[in-house]
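Notes follow once the structure below has been shown.
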Amino acid sequence: MKKIIRYILTLLALTSTAYAQNPGNREKIEAAKIGFISERLALTPKQAQTFWPIYNEYTFKKKEIRKAINQLKIENSDNESDAEILEDFKKINNYKQNEVDIEKDYVDKFLSVLTPKQLAALYNAEKQFTKILLDKLKK
């Protein structure tokens, strides 16, 4: 469990570092992500007009949760008591449950705009984009 949490925190730290190096990178990455997802989903203009506000709200909520998890400094657990560490784990689990709840809620919202195949393509596109971004960060 600790390895998974450390992996998630490392991933978030890498992304934050990439953003911090150049403030313009965030906008470039977001623009590239929008283009990548749009291409993969083949959205009609009508779909795009409805989809993007929903997607932006969805990603904002997920980012807030990841930010909250990142602020819990599990990696510095040497300075915390056992009770504090356990409390952090409980908080992390609650945040993760909130993230799952958000994903459940947004499936219906996405399906009000997208077809099931487009929804599957959305989740695949997000994974592919993240993989491409991480590969570029490694280089």
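Put simply, the range 67-135 fits an ellipsoid with semi-axes of 33, 17, 6 Å; these come from the alpha carbon gyration tensor as the roots of five times its eigenvalues, largest first.
Between Asn70 and Glu27, the FRET efficiency estimated from the beta carbon spacing at R0 = 22 angstrom works out to 0.55.
Fully extending the segment from Thr44 to Asn56 would add 2.6 nm, taking 0.36 nm per residue of separation and subtracting the current Cα-Cα distance.
Here, each number is a calculation from the coordinates, and none is a lab measurement. Computed from a predicted model, the values in this text were never measured in an experiment. Please note: Cβ atoms are built from the backbone with ideal geometry, for glycine as well, and neighbour counts cover all protein chains shown.
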